[in-house]
Amino acid sequence: MLTKFFKRMTGLDKVEQALVETQAKLATTVDETAKHLKEAEDARAAEVQAKLTPKERATAKGEPWVAVLDTHVNKDNIRNGFFELDWNAEFVVQLKKEGYGYDGDPDEEIVDRWFKDLARNVLADEGQDTTRGAGYINVRKLPGGKSEIE
């Protein structure tokens with residue numbers, strides 16, 4: 001009781017109250033600053049993600065990815081042509097797990113086996129002859145770790 005009286009007499013109670021209020025404001029400011037930093041970090045991460053290609057996004061997540069980049073048809077013989085495919089290493093690993101290839105097999109051959117199987121399944125679903133020839137694969141290495149398959 002004497003302590004309260006002494007604090008009121010000296011004004012120390014007001015100083016203590018101001019200290020409590022300042023600490024509360026500081027805690028709020030720290031929380032708001034942390035929130036703003038997190039929002040800025042999330043915005044930067046979203047910006048980086050937006051600049052990635054679908055292949056890069058899938059690869060960053062460790063997910064298999066494959067896409068048809070283009071379809072080429074021979075102008076002189078419409079029955080001939082090819083698809084331009086792109087894939088990531090995770091897709092090749094998935095194909096190996098599914099029995100389309102083994103370690104040491106070129107990635108292009110593994111993907112080609114899968115694609116031919118896919119084409120046969122489409123023919124079978126349509127009631128078409130699946131024993132017809134599927135052509136051949138001709139791989140030409142290109143700069144930048146790419147290959148052209150004909």
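Which net charge results when you count Lys and Arg as +1 and Asp and Glu as -1 among the other residues whose beta-carbon is under 14 Å from that of GLN23?
Result for the neighbourhood of GLN23: -2.
From the phi angles alone, apply the Karplus equation (6.51, -1.76, 1.60; θ = phi - 60°) to the range 31-41 and give each ³J(HN,Hα) in whole Hz, x where the residue is Gly or Pro.
Those phi angles translate into 4, 5, 5, 4, 5, 5, 5, 5, 4, 5, 5 Hz.
So which residue, out of ARG44, ARG79, ARG120, gets the largest mean-square fluctuation from a GNM of the chain using Cα contacts under 10 Å as springs?
The residue with the greatest mean-square fluctuation here is ARG79.
Can you tell which of ALA50, PHE91, LEU26 lies farthest toward the positive end of the dipole of the chain, using +1 and -1 charges on the Cβ of basic and acidic side chains (Lys, Arg; Asp, Glu)?
Most positive-ward Cα: LEU26.
Compute the FRET efficiency between LYS14 and LEU37 as 1/(1 + (r/R0)^6), taking r as their Cβ-Cβ distance and R0 = 30 Å, and round to the nearest 0.05.
Between LYS14 and LEU37 the formula returns 0.30.
Restricting to DSSP loop positions (anything but H, G, I, E, B) with no more than 15 other Cβ atoms inside 10 Å of their own Cβ, which chymotrypsin sites (Phe, Trp or Tyr not before Pro) remain in the range 67-120?
TYR102
For the chain, just list the percent of Cα-Cα distances falling in each 5 Å bin from zero outward, please.
Percent of pairs per bin, in order: 2, 7, 9, 12, 12, 8, 7, 5, 4, 4, 4, 4, 3, 3, 3, 3, 3, 3, 2, 1, 1, 0.
Set the Förster radius R0 to 30 Å, insert the Cβ-Cβ distance between LYS51 and PHE82 as r into 1/(1 + (r/R0)^6), and round the FRET efficiency to 0.05.
0.50
Taking θ as phi - 60°, what are the ³J(HN,Hα) couplings along the range 120-128 by the Karplus curve (6.51, -1.76, 1.60), each to the nearest whole Hz, with x for Gly and Pro?
Ordered by residue, 3J(HN,Hα) equals 4, 5, 5, 4, 4, 4, 8, x, 8 Hz.
Before rounding to the nearest 500, sum -39500 (n - 2.57) across all DSSP H runs of length at least 4 in the chain and divide by the residue total; then give [θ] at 222 nm in deg cm²/dmol.
-19000 deg cm²/dmol
LYS25 to THR3: FRET efficiency via 1/(1 + (r/R0)^6), r the Cβ-Cβ distance, R0 25 Å, to the nearest 0.05?
For LYS25 and THR3, the calculated efficiency is 0.45.
Please build a GNM for the chain, connecting alpha carbons under 10 Å apart, and tell me which residue among GLY99, GLY81, GLY62 fluctuates the most.
Checking each option, the largest mean-square fluctuation is seen for GLY81.
Calculate the tail of P(r) for the range 2-51: the fraction of all Cα-Cα distances greater than 14 Å, expressed in %.
Tail of the P(r) past 14 Å holds 69 percent of the pairs.
Would you pull out the residues with amide H under 5 Å of LEU85's amide H, same chain only if 5 or more places away, H placed 1.01 Å from N?
LEU69
Each reported figure results from applying straightforward, stated rules to the coordinates on display, with no laboratory input. Bear in mind that the values here come from a model prediction, so they are computed numbers and not experimental data. Counting neighbours? That spans all protein chains shown, and the Cβs are built from the backbone with ideal geometry, glycine included.
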